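Step one of this worksheet: look at the structure below.
The values are calculated or read from the model by the stated rules, or taken from the named source; none is laboratory data. Every value quoted in this text rests on a predicted model; they were computed, and no experiment measured them. Cβ placement follows ideal geometry from the backbone for every residue including glycine, while neighbour counts extend to all protein chains displayed. Just the protein is used for accessible areas: all its heavy atoms, side chains included, with ligands, DNA and RNA removed. Shrake-Rupley method; radii C 1.70, N 1.55, O 1.52, S 1.80 Å.
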Amino acid sequence: MKKFSWRKAALVAAVVPMMALSACSSQGGKPADSANAAGGGQAVSTPRMKVALITHAAAGDTFWDIVRKGAEEASAKDNVDLLYTSDPEAGRQAQLVQQAIDQKVDGIAVTLATPDALKDVLKKATDAGIPVVSLNAGESVSAQLGAFTHFGSNEKLAGEAVGTKLASQGFKHPVCVIQQQGHVGLEARCAGVKAKVPGTEILYVDGKDMTSVQSTATAKLQAAKDADVIIGLGAPITLTLLKSVTDASSSAKVASFDLNADLAQKIVDGSVIFTVDQQPWLQGYMSVDSLWQAKRGGFKLGGGQPVLTGPTIVDKSNASDVLKFAQQGVR
């Protein structure tokens, strides 16, 4: 796959001064930010524009705080009125896209965890002349659904990176925990792991209920005595799996996808062996900034290809360096 470097685009964008942000939000790991949350400064001289960022975030998932933080910083720089909404239920996410169309936004950034549920409403958006970018999930179908680019990690490649690292360390029986069945990105991650470590088992849990996640994973580890590593597909899930390992008196190690400050600290401490980071701050930032660039000069980043923000490995060798940025909420 042809890759586009966000660094060159970000270098151009970085010279533009910052301004205050007025943001609307709904679900996520933190409450709605007040206006001017991203700080003060001078705006770009382009007219005010309205961008809808619509994700499949579940309430309490801190991953999306990092995405929002990037989007808010880009909005502050680009004189964007950011409308953030989210819903993990596919039909309701589609309704949020329709709501954005009805509000006559200037651009839509959307996650495509369940693309079939969004294809019709996204066609309405593009038919209405609203530019669309996708982020985080749905890389393989992004262009088909009308997005002019996608920002995220190649999830199968990320899974293969995890599988390769586990195989090199001698693990043979991973348990890969999927917190939302049917989510194309999560399924691709575990498929990538299994491609490199054929003994991988899939365990489905309800990611909206951490008590249930803990008990289901505990039962699995008690039953699967040969499980030598359990993999969480998000930082909050992984932190819960640490409790399951203790509850089950299991010798299984813990690995992860994604990152937050608590998980970075666990890697520093040695409780988690590594994670694969997709750098969600960049996904939020570049999604908003690319829509501004499209309005500013008709620019289209990516050349029709996804703009990859990952995967990147965080392990004991670099976790201390990453931790300081995670504590700032940007990793």
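Note: the range 210-331, Cα convex hull, 130 Å³ per residue. Computed across the chain, the Kirkwood radius stands at 20.0 Å (inverse of mean 1/r, all Cα pairs).
Stokes-Einstein diffusion of the range 223-265 at 25 °C, 0.890 mPa s viscosity, Kirkwood radius from Cα pairs, rounded to a whole number: 232 µm²/s. The alpha carbons of the range 41-104 give a radius of gyration and a Dmax of 13.1, 39 Å, in that order.
How far is helix 90-102 tilted, in degrees, relative to the longest principal axis of the Cα atoms in the chain, given as a value from 0 to 90 rounded to the nearest 10? Its long axis makes an angle of about 10 degrees.
Taking the chain as the reference, fit the longest principal axis to its C-alpha atoms, fit the long axis of helix 184-196 to the helix C-alpha atoms, and give the angle between the two in degrees, 0 to 90, nearest 10. The helix 184-196 is inclined about 40 degrees to the chain. Peptides 206-217, 275-286, 315-326 ranked from most to least packed by the mean count of surrounding Cβ atoms within 10 Å: 275-286, 206-217, 315-326.
The apolar share of the surface of the chain, taken as the fraction of accessible area on carbon and sulfur atoms (1.4 Å probe, ligands and nucleic acids excluded), comes to 52 percent.
Here the 3J(HN,Hα) profile of the range 314-331, calculated from phi with Karplus coefficients 6.51, -1.76 and 1.60 at θ = phi - 60°, is 10, 9, 4, 6, 10, 5, 5, 5, 6, 4, 5, 6, 5, 5, 7, x, 10, 10 Hz, Gly and Pro shown as x. Rg/Rh, computed from the Cα trace of the range 124-166 with Rh as the Kirkwood radius, has the value 1.19. Counting only Cβ charges, +1 for Lys and Arg and -1 for Asp and Glu, the dipole size of the range 171-234 around its Cα centre is about 160 debye. Distances between every pair of Cα atoms in the range 45-166, grouped in 5 Å steps from 0 to the bin holding the largest one, split as 2, 11, 21, 23, 20, 12, 6, 3, 1, 0, 0 percent. For the range 100-154, the Cβ-based charge dipole about the Cα centre amounts to some 40 debye (Lys, Arg positive; Asp, Glu negative; other atoms uncharged). Panel note: the C-alpha atoms of the range 129-230, placed on their principal axes, show extents of 55, 33, 14 Å (largest first).
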